[in-house]
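**Student:** Here it is, the structure in full.
The values are calculated or read from the model by the stated rules, or taken from the named source; none is laboratory data. Values in this document were obtained by computation on a predicted structure and should not be read as measured data. When we count neighbours, we look across all protein chains shown, and the Cβ atoms used for this are built from the backbone with ideal geometry, even at glycine.
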Amino acid sequence: MKKTVILLLIISLFASCAKEKYGNVRQQIKCTSEIPDGKQKIKLEKRKQELRYTQFGDFVTSVTPTSFIGKLNMVRFFRENPDDTYIALVGGRTGQGGISTDFCINSTVSVIPELCCNVYQNPDGQGGYFKNDVTLEYLYVNMGLEVVLELPEEYNNVFDTNIITTGLSALNGPVEELREFGDDLKIYFGQTDSTFISHVNLFDTFNTGLHIRSDKFEEWTLTPPLGGKDKTILSTIGFIIDDIIHVYAGQDNIPYTSDDVIVLEPKYWERMYIDVDISEN
């Protein structure tokens, strides 16, 4: 009888351990227009004074959009090559499709990512994860934009409406260098110390159009969750949109007339930033 009790205790102990050996990994994307810190705010104020186009007539005013919708086609962290070890939060080969979210409302969405390679798929919990520690060195974002803006009241008698809804290509149209971007931004974050437009493809996987390289990224390491623990990874994509729309007086150089030019600020993509926060409980 005593041996039976001991055996049952051992079986119970192993059964309890088995239930606790799996951890959960939850992934979320937050899109926000919030300025992350004081230093960034000072830098933004300096940019407002320095960044001006010169080919569109005199600068008239700047406008902050009332809606700034990011249409995320692909968001992917990867190590050295996007086909090797990666986390596809959006737009993986078999994972979740594109999502749309308004940066103005600071929304957070939960996603089920696609992972490759050397991945452990959790049968008894949520979220697969890498079997070993993996350091992610790059982030690739492919996104479209839909912008809603309200022009100053001086335009009430110029246009049928002073509320404008437009996509990325319309706001890029007058700017020769950016016409090839079309309707999507393609940005590589990481492994550079500057921000620039790249005419050279970084990887064959994403080989269409122009790409932007950005230094606003710090590599991070994902470790497997402890047994019975929940790990949450919040990836914040920030896009600071204060006064990001510029209005110029146009060919006649008279403000508030029908030939005025409405464009995104020069190098507007430099207003984007990435932050990754990992918590476990």
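**Student:** Could you list, ordered by first residue, the pairs with Cβ atoms under 8 Å in which the first is in region 268-280 and touching a residue at least 60 places away in the same chain (Cβ under 8 Å) and the second is assigned to a helix (DSSP H, G or I) and of a type in the set (A, V, I, L, M, F, W, C), at least 6 apart or interchain?
**Tutor:** Arg271/Leu44
**Student:** So, in region 136-183, exactly how many residues are among the charged types (D, E, K, R), under 24 Å from Arg76 (Cβ atoms) and either surrounded by 14 or more Cβ atoms within 10 Å (Cβ to Cβ) or modelled with pLDDT of 85 or more (or both)?
**Tutor:** 3
**Student:** Restricting the search to region 239-266, which residues are in a loop (DSSP other than H, G, I, E, B) and more than 21 Å from the chain's Cα centre (by Cα)?
**Tutor:** Hits for region 239-266 are Ala249, Gly250, Gln251, Asp252, Asn253, Ile254, Pro255, Tyr256, Thr257, Ser258, Asp259, Asp260.
**Student:** How many of the residues making up region 204-222 are surrounded by fewer than 16 Cβ atoms within 10 Å (Cβ to Cβ) and either part of a loop (DSSP other than H, G, I, E, B) or in contact (Cβ under 8 Å) with a residue 24 or more places away in the chain (or both)?
**Tutor:** Within region 204-222, residues that are surrounded by fewer than 16 Cβ atoms within 10 Å (Cβ to Cβ) and either part of a loop (DSSP other than H, G, I, E, B) or in contact (Cβ under 8 Å) with a residue 24 or more places away in the chain (or both) number 8.
**Student:** Scan region 234-281 for residues that are closer than 30 Å to Leu72 by Cα and either touching a Gly at 6+ places or on another chain (Cβ under 6 Å) or among the small types (Gly, Ala, Ser) (or both) and report the count.
**Tutor:** 6
**Student:** Is it true that some residue in region 95-110 is under 22 Å from Phe239 (Cα atoms), surrounded by fewer than 20 Cβ atoms within 10 Å (Cβ to Cβ) and at pLDDT below 85?
**Tutor:** Yes, there is a match, as at least one residue in region 95-110 is under 22 Å from Phe239 (Cα atoms), surrounded by fewer than 20 Cβ atoms within 10 Å (Cβ to Cβ) and at pLDDT below 85.
**Student:** Looking only at residues that are touching a strand residue (DSSP E or B) at 6+ places or on another chain (Cβ under 9 Å) and closer than 23 Å to Asp84 by Cβ in region 193-208, which one is modelled with the highest pLDDT?
**Tutor:** In this case the residue turns out to be Ser198.
**Student:** Using beta carbons and a limit of 9 Å, which pairs, at least six apart or on different chains, have the first residue in region 55-82 and over 30 Å from Cys117 (Cβ atoms) and the second one small (Gly, Ala, Ser) and in a strand (DSSP E or B)?
**Tutor:** What qualifies is Ile69/Ser100; Ile69/Gly144.
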